[in-house]
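Take a look at the structure below.
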Amino acid sequence: MRSVFPEGARRAAAAPARALLIALLLGVTLPAIAHAQGAAVAAEEADPALQGGATLIRRAARLWGLGRKDDAMFWFYAGELRVHAAQAAHHPQVLALSPQLSGQMDTLGQAVREYGQSDASRLIATIDRVLAWDDANPDPALPAEAARQGRADLLALRDKARAEAAQTRGGGPARLPDNPPPRVPTPM
(Lines give C-alpha, C1' and ligand atoms only; values in the text may rest on other atoms or scores of the structure.)
Protein backbone atom coordinates (compact mmCIF):
# COMPACT_ATOMS: atom_id res chain seq x y z
CA MET A 1 0.00 0.00 0.00
CA ARG A 2 1.34 3.39 -0.96
CA SER A 3 1.54 6.04 1.74
CA VAL A 4 -0.25 9.38 1.33
CA PHE A 5 2.75 11.16 2.84
CA PRO A 6 5.81 12.27 0.88
CA GLU A 7 8.97 10.27 1.57
CA GLY A 8 10.47 13.17 3.57
CA ALA A 9 7.47 13.22 5.89
CA ARG A 10 7.85 9.51 6.74
CA ARG A 11 11.54 9.97 7.47
CA ALA A 12 10.91 13.05 9.62
CA ALA A 13 8.13 11.30 11.52
CA ALA A 14 10.38 8.30 12.21
CA ALA A 15 13.40 10.39 13.28
CA PRO A 16 12.37 10.97 16.93
CA ALA A 17 11.53 7.28 17.47
CA ARG A 18 14.80 6.24 15.86
CA ALA A 19 16.71 8.75 18.01
CA LEU A 20 15.02 7.44 21.16
CA LEU A 21 15.87 3.83 20.31
CA ILE A 22 19.51 4.67 19.57
CA ALA A 23 19.75 6.73 22.78
CA LEU A 24 18.31 3.91 24.86
CA LEU A 25 20.70 1.40 23.30
CA LEU A 26 23.67 3.66 23.95
CA GLY A 27 22.55 4.63 27.47
CA VAL A 28 22.27 8.32 26.62
CA THR A 29 20.52 10.58 29.13
CA LEU A 30 17.13 12.27 28.71
CA PRO A 31 18.59 15.70 27.82
CA ALA A 32 20.29 14.09 24.83
CA ILE A 33 16.96 12.59 23.76
CA ALA A 34 15.27 15.99 24.07
CA HIS A 35 18.08 17.51 22.00
CA ALA A 36 17.58 14.88 19.28
CA GLN A 37 13.84 15.55 19.22
CA GLY A 38 14.49 19.29 19.03
CA ALA A 39 16.86 18.70 16.11
CA ALA A 40 14.18 16.64 14.34
CA VAL A 41 11.68 19.47 14.79
CA ALA A 42 14.18 22.01 13.43
CA ALA A 43 14.87 19.85 10.37
CA GLU A 44 11.15 19.42 9.82
CA GLU A 45 10.53 23.19 10.06
CA ALA A 46 13.12 23.81 7.34
CA ASP A 47 11.50 21.42 4.84
CA PRO A 48 8.66 23.17 2.95
CA ALA A 49 7.26 19.79 1.87
CA LEU A 50 6.40 19.10 5.51
CA GLN A 51 4.02 21.98 6.09
CA GLY A 52 0.71 20.09 5.93
CA GLY A 53 -1.76 20.28 8.80
CA ALA A 54 -1.16 16.77 10.14
CA THR A 55 2.61 17.31 10.20
CA LEU A 56 2.23 20.65 11.98
CA ILE A 57 -0.06 19.12 14.62
CA ARG A 58 2.47 16.33 15.24
CA ARG A 59 5.23 18.95 15.50
CA ALA A 60 3.15 20.85 18.06
CA ALA A 61 2.65 17.67 20.10
CA ARG A 62 6.41 16.99 20.17
CA LEU A 63 7.17 20.57 21.19
CA TRP A 64 4.50 20.45 23.90
CA GLY A 65 6.12 17.29 25.23
CA LEU A 66 9.48 19.07 25.31
CA GLY A 67 7.95 21.88 27.39
CA ARG A 68 8.17 24.43 24.56
CA LYS A 69 4.57 25.56 25.01
CA ASP A 70 4.75 28.83 23.05
CA ASP A 71 6.28 27.07 20.03
CA ALA A 72 3.74 24.26 20.38
CA MET A 73 0.88 26.76 20.45
CA PHE A 74 2.17 28.42 17.26
CA TRP A 75 2.46 25.14 15.35
CA PHE A 76 -0.83 23.82 16.70
CA TYR A 77 -2.74 26.84 15.40
CA ALA A 78 -0.80 26.72 12.11
CA GLY A 79 -1.71 23.04 11.77
CA GLU A 80 -5.32 23.69 12.68
CA LEU A 81 -5.47 26.41 10.04
CA ARG A 82 -4.08 24.02 7.40
CA VAL A 83 -6.39 21.18 8.44
CA HIS A 84 -9.46 23.41 8.26
CA ALA A 85 -8.37 24.69 4.84
CA ALA A 86 -7.80 21.14 3.60
CA GLN A 87 -11.22 20.13 4.90
CA ALA A 88 -12.77 23.09 3.07
CA ALA A 89 -11.07 21.86 -0.12
CA HIS A 90 -12.15 18.24 0.58
CA HIS A 91 -8.49 17.25 0.42
CA PRO A 92 -8.21 13.42 0.39
CA GLN A 93 -5.21 13.23 2.78
CA VAL A 94 -7.12 15.01 5.55
CA LEU A 95 -10.27 13.01 4.97
CA ALA A 96 -8.29 9.73 5.18
CA LEU A 97 -6.59 10.80 8.45
CA SER A 98 -9.67 12.34 9.97
CA PRO A 99 -10.24 10.01 13.00
CA GLN A 100 -6.58 9.93 14.09
CA LEU A 101 -5.98 13.60 13.37
CA SER A 102 -9.23 14.63 15.02
CA GLY A 103 -8.28 12.76 18.20
CA GLN A 104 -4.85 14.34 18.32
CA MET A 105 -6.30 17.80 17.66
CA ASP A 106 -8.85 17.33 20.45
CA THR A 107 -6.35 16.07 23.03
CA LEU A 108 -3.53 18.50 22.33
CA GLY A 109 -5.96 21.25 21.40
CA GLN A 110 -7.56 21.31 24.82
CA ALA A 111 -4.20 21.81 26.54
CA VAL A 112 -3.00 24.39 24.00
CA ARG A 113 -6.25 26.35 24.13
CA GLU A 114 -6.19 26.47 27.94
CA TYR A 115 -2.59 27.67 27.84
CA GLY A 116 -3.33 30.27 25.15
CA GLN A 117 -6.45 31.60 26.83
CA SER A 118 -4.59 32.11 30.10
CA ASP A 119 -2.93 35.16 28.49
CA ALA A 120 -4.96 36.98 25.82
CA SER A 121 -2.03 39.07 24.58
CA ARG A 122 0.07 35.93 24.04
CA LEU A 123 -2.80 34.24 22.19
CA ILE A 124 -3.40 37.28 19.97
CA ALA A 125 0.31 37.64 19.18
CA THR A 126 0.59 33.93 18.37
CA ILE A 127 -2.41 34.00 16.04
CA ASP A 128 -1.01 37.09 14.29
CA ARG A 129 2.32 35.25 13.82
CA VAL A 130 0.49 32.17 12.44
CA LEU A 131 -1.44 34.31 9.96
CA ALA A 132 1.77 36.06 8.85
CA TRP A 133 3.52 32.67 8.51
CA ASP A 134 0.62 31.33 6.46
CA ASP A 135 0.77 34.39 4.18
CA ALA A 136 4.50 33.86 3.66
CA ASN A 137 4.18 30.06 3.26
CA PRO A 138 0.94 29.31 1.43
CA ASP A 139 0.05 25.64 0.94
CA PRO A 140 0.39 25.09 -2.82
CA ALA A 141 -1.95 22.08 -2.66
CA LEU A 142 -4.90 24.20 -1.55
CA PRO A 143 -7.06 26.54 -3.62
CA ALA A 144 -7.11 30.17 -2.47
CA GLU A 145 -10.79 30.01 -1.44
CA ALA A 146 -10.14 26.98 0.79
CA ALA A 147 -7.19 28.78 2.36
CA ARG A 148 -9.42 31.77 3.14
CA GLN A 149 -12.02 29.49 4.70
CA GLY A 150 -9.33 27.82 6.78
CA ARG A 151 -8.22 31.18 8.13
CA ALA A 152 -11.77 32.23 9.10
CA ASP A 153 -11.91 30.25 12.38
CA LEU A 154 -8.51 31.50 13.45
CA LEU A 155 -9.47 35.10 12.65
CA ALA A 156 -12.68 34.68 14.66
CA LEU A 157 -10.71 33.33 17.64
CA ARG A 158 -8.29 36.28 17.46
CA ASP A 159 -11.14 38.80 17.22
CA LYS A 160 -12.92 37.19 20.18
CA ALA A 161 -9.72 37.29 22.26
CA ARG A 162 -9.21 40.97 21.35
CA ALA A 163 -12.80 41.84 22.31
CA GLU A 164 -12.52 40.00 25.64
CA ALA A 165 -9.18 41.67 26.38
CA ALA A 166 -10.63 45.10 25.56
CA GLN A 167 -13.64 44.46 27.82
CA THR A 168 -11.39 43.39 30.67
CA ARG A 169 -9.12 46.44 30.24
CA GLY A 170 -12.11 48.76 29.90
CA GLY A 171 -13.68 47.56 33.13
CA GLY A 172 -16.45 45.73 31.31
CA PRO A 173 -17.73 42.35 32.36
CA ALA A 174 -14.93 39.86 32.78
CA ARG A 175 -15.29 36.37 31.35
CA LEU A 176 -16.90 34.06 33.85
CA PRO A 177 -14.80 31.10 34.94
CA ASP A 178 -15.74 27.74 33.46
CA ASN A 179 -16.42 26.31 36.93
CA PRO A 180 -17.74 29.10 39.17
CA PRO A 181 -17.62 28.53 42.92
CA PRO A 182 -20.78 27.08 44.44
CA ARG A 183 -23.30 29.60 45.67
CA VAL A 184 -23.78 29.80 49.39
CA PRO A 185 -27.47 29.54 50.27
CA THR A 186 -28.88 32.55 52.01
CA PRO A 187 -30.41 31.94 55.45
CA MET A 188 -34.18 32.19 55.69
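Here are a few things to note about the model shown:
- The stretch 40-169, accessible area per residue, ligands and nucleic acids excluded (1.4 Å, Å²): 49 Å²
- Among residues other than Ala146 with Cβ under 12 Å from its Cβ, the summed charge is +1 (Lys and Arg +1, Asp and Glu -1).
The values are calculated or read from the model by the stated rules, or taken from the named source; none is laboratory data. Owing to the predicted nature of the structure, the values given are computational and were not obtained by experimental measurement. Ideal geometry is used to build each Cβ from the backbone, glycine not excepted, and the neighbour counts take in all protein chains shown. Protein only, heavy atoms only, side chains kept; ligands, DNA and RNA dropped before computing areas. Shrake-Rupley method; radii C 1.70, N 1.55, O 1.52, S 1.80 Å.
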